[in-house]
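**Student:** Right, I'll just put the structure down here and ask away after.
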Amino acid sequence: MTRRGLLIILSSPSGAGKSTLAKRLMRWDDSLRFSVSATTRAPREGEIDGHDYHFVPETEFRRIVDDRGMLEHARVFGNYYGSPKAPVQTAIEAGRDVLFDIDWQGAQQISNSDLQDSVLSIFILPPSITELHRRLVSRGQDDPDVIARRMQKSWDEISHWDGYDYVLVNDDLDTTESQLKTIISAERLRRAQQPGLLDVVRRLQSEFEDRTL
């Protein structure tokens, strides 16, 4: 008996922990596949086509969008970014789960796509705004101006929390990781994710009828 794969979306404001949690989920289950985005920007040093991004010309990107071949897309700082639909559809039809680390706008587009029945969306909240700021500073990756912009954007992200299937408060990484595993494990067992159940029930019915003849 096979199951359909899940299209798992993780979203959060920057610093709430979604990227760390995504990496932990990938270590927990090596059958999970991370969605590789397409972009029209040039590769940076060390980036590999097909691994970090699918690097495509803008004309090709626009053609894919026009053919409804992107689950979600957006223009960011003059370049297009998007999630190609074909590899995701192939994966979930083969029973493999695909993980997305995207913002609320991308999540909304995917949740309204024709793959919406396979979507499992999870939003990660920080325990407090003070803690969110502390985490951004402690990462040591951004200067104060960038941190200020990320903080400014955080409420816009948080305000869309109610558009998700599950919402977790990431007060402790280990606890939140455990909760994510529980959610994914349960969602994999949903009736809609197990198309083979109908055949099992039919077999049981036939077996029952044979015994009662």
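The values are calculated or read from the model by the stated rules, or taken from the named source; none is laboratory data. Remember, predicted model here, so these are calculated numbers, not experimental data. FYI the Cβ positions are ideal-geometry reconstructions off the backbone, even for glycines, and counts take in every protein chain you see.
**Student:** Got at least one residue in the stretch 47-57 being out of contact with any Cys (no Cβ under 7 Å at 6 or more places or on another chain) and at positive phi?
**Tutor:** yes
**Student:** Determine which member of the set 86, 74 is among the aliphatic types (A, V, I, L, M), more than 15 Å from the chain's Cα centre (by Cα), on the phi < 0 side of the Ramachandran plot and in a helix (DSSP H, G or I).
**Tutor:** Exactly one of 86, 74 is among the aliphatic types (A, V, I, L, M), more than 15 Å from the chain's Cα centre (by Cα), on the phi < 0 side of the Ramachandran plot and in a helix (DSSP H, G or I), namely 86.
**Student:** Could you check the stretch 14-47 and list, in sequence order, the residues that are among the acidic types (Asp, Glu) and touching a Phe, Trp or Tyr at 6+ places or on another chain (Cβ under 7 Å)?
**Tutor:** Answer for the stretch 14-47, where residues must be among the acidic types (Asp, Glu) and touching a Phe, Trp or Tyr at 6+ places or on another chain (Cβ under 7 Å): just 47.
**Student:** Quick one: is residue 44 within 18 Å of residue 183 (Cα to Cα), in a loop (DSSP other than H, G, I, E, B), among the charged types (D, E, K, R) and modelled with pLDDT under 95?
**Tutor:** no
**Student:** Here is a list of conditions, (1) buried (at least 17 other Cβ atoms within 10 Å of the Cβ); (2) within 20 Å of residue 21 (Cβ to Cβ); (3) free of Cβ contacts under 8 Å to residues at least 60 places away in the same chain, and residue 110 meets all of them except one; can you say which number that is?
**Tutor:** (3)
**Student:** Looking at (1) part of a loop (DSSP other than H, G, I, E, B); (2) more than 18 Å from residue 90 (Cα to Cα); (3) in contact (Cβ under 8 Å) with a residue 12 or more places away in the chain, can you tell me which one residue 21 breaks?
**Tutor:** Condition not satisfied by residue 21: (1).
**Student:** Take the stretch 156-195 and flag every residue that is surrounded by 11 or more Cβ atoms within 10 Å (Cβ to Cβ) and over 30 Å from residue 130 (Cα atoms).
**Tutor:** Across the stretch 156-195, the qualifying residues are 187, 188, 190, 192, 193, 194, 195.
**Student:** Further question: Condition first: charged (D, E, K, R) and either closer than 17 Å to residue 3 by Cβ or touching a His at 6+ places or on another chain (Cβ under 6 Å) (or both). Now tell me which residues in the stretch 182-205 satisfy that.
**Tutor:** 187, 188, 190, 191, 199
**Student:** For the stretch 142-199, name all the residues that are closer than 30 Å to residue 94 by Cβ, without any contact (Cβ under 8 Å) to a residue 60 or more places away in the chain and polar (S, T, N, Q).
**Tutor:** Within the stretch 142-199, 178, 179, 182, 185 qualify.
**Student:** Counting only residues that are out of contact with any His (no Cβ under 8 Å at 6 or more places or on another chain) and surrounded by 15 or more Cβ atoms within 10 Å (Cβ to Cβ), how many does the stretch 63-104 have?
**Tutor:** Looking only at that region, the number is 20.
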